[in-house]
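Beneath this line is the structure, given in structure tokens, with notes to follow.
The values are calculated or read from the model by the stated rules, or taken from the named source; none is laboratory data. Small disclaimer: the values here were computed from a predicted structure and weren't measured. Cβ coordinates were reconstructed from backbone atoms using ideal geometry, including for glycine residues, and neighbour counts include every protein chain displayed.
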């Protein structure tokens, strides 16, 4: 039986999905969060659909042990390629993916119907953003570009490095020539580079952060089902990871913009 | 019983280790090669030692099914952190790691005893190159630098891109101020960027390619044990991978500098 006191489960291929945790904390500070990051097998975005589906199933099972009231797929690659796997593995729980939320917000915000999408190789090749946007707004035109270097550049802390700017200009140029007025950041790492991306797109392009979009969807869904937490205290997120690399603490601070790193629990996959 | 007809087993976290396959083919064209790339869990270089040791054990078991006469660890990260795991998992087979081979060649080639080493975060943090070099040449001075962006830049094909040059200059600058005369490429991907690296270091710095070094060590070891293949025909390498990503073929061509991509067998890890 789902209860307002149950936690919200969030998972990602690594710790990029902490941007979703941050958005949830900001919008729904009373919610208890269980987060799983598959840091032993990160990244997913360069791997095949078969492997991504297997990992998505295992990630869901790990969250299910904590009896969540909702599962949020913070990973765009899993949202794009394995949403149905998560739905099938979660015993009828409500499931939200960042991709659908980001696509929905893009459709809502665009004025000229020309939407750009950037993401990992696997997300972009799946064409899932274009399909999701097309199903909501058949007349919209979607221009996509994989930006495989953005994740390593963000993780290396090259946030406002001239090399990052040079690469970003090259990636974004072919979207901007199509006169897009909305750009979806289709990867949880990309909000880290948002300021630089905005500098390149200029102020007339609306940037859609999928993390914020999925937090909005979660609020609506929980409210509709009477499942919003009634807690008056904020509890720090419960973090599970499949590997604890040396860079974990610095990455945690980068994504959550906080100096406090809570305890982390190491769990095995499979 | 080891036989000259048995294959040489080579493994890597992904397909970067194909640079070792290339070096082996060039030096020992009669040898039959079994290669395993753990493409479902690549990269290792950002993960913890515990996880890297577990993966190294599983990778070795996969090669053991093919009864090799020698195991070559093409992955610098595994050589640095889990050489003993591979030795313990391979029933007394001879084992060679790229790291020891690269360190040995650097000691042989240096004139002023000042050696630079570049590699992944995990390889550099392990300090394993400095230890290996120090045990052979106690007076040598070793200067190390992790270059985490080199792998994604090489895989993205940004081989002679100005952004890559800018990043490489930044990475290498702090080694070059120490007047190194030898630079070890301590990651199987880095030979792809060798021309650019040489442009930055200048012609007076000897660049050590660990792939070539380990092929030399393999020839010496097989000859000493009477295990050199006597085959007169060259057979293409037998390739095993744990995932078959979309980019596999283009990466194969990049690393092996060939247009022929042989059949690839997909195998599960434990």
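Taking the conditions (1) in contact with a helix residue (DSSP H, G or I) (Cβ under 9 Å, 6 or more places away or on another chain); (2) buried (at least 19 other Cβ atoms within 10 Å of the Cβ) in turn, residue B:61 satisfies each one other than (2). Any residue at all in the stretch A:102-118 that is assigned to a helix (DSSP H, G or I), closer than 25 Å to residue A:70 by Cβ and within 13 Å of chain B (Cβ to nearest Cβ)? No, because not a single residue in the stretch A:102-118 is assigned to a helix (DSSP H, G or I), closer than 25 Å to residue A:70 by Cβ and within 13 Å of chain B (Cβ to nearest Cβ). Filter the stretch B:25-58 down to the residues that are in contact with a strand residue (DSSP E or B) (Cβ under 6 Å, 6 or more places away or on another chain) and surrounded by fewer than 24 Cβ atoms within 10 Å (Cβ to Cβ), then identify the one that is nearest to residue B:85 (Cα to Cα). The residue in question is B:34.
Exactly one residue among B:112, B:91, B:84 is surrounded by fewer than 24 Cβ atoms within 10 Å (Cβ to Cβ) and over 27 Å from residue A:268 (Cβ atoms), and that residue is B:112. Here residue A:97 qualifies as within 13 Å of residue A:218 (Cα to Cα) and surrounded by 24 or more Cβ atoms within 10 Å (Cβ to Cβ). If only residues of the stretch A:49-67 that are closer than 25 Å to residue B:38 by Cβ and in contact (Cβ under 8 Å) with a residue 40 or more places away in the chain are counted, the one that is farthest from the other protein chains (Cβ to nearest Cβ) is A:60. Taking first residues from the stretch B:242-264 that are farther than 21 Å from residue B:59 by Cα and at the interface with chain A (Cβ under 9 Å from one of its Cβ atoms) and partners that are assigned to a helix (DSSP H, G or I) and at pLDDT 85 or above, the Cβ contacts under 8 Å between residues at least 6 apart in sequence or on separate chains come to B:246/A:121; B:246/A:122; B:246/A:125; B:247/A:121; B:247/B:155. For residue A:217, indicate whether it is within 14 Å of chain B (Cβ to nearest Cβ), within 24 Å of residue A:59 (Cβ to Cβ) and modelled with pLDDT of 95 or more. No: the conditions fail for residue A:217.
Selection of the stretch A:120-135 for residues being away from chain B (no Cβ under 14 Å) and closer than 16 Å to residue A:175 by Cβ yields A:129, A:130, A:133.
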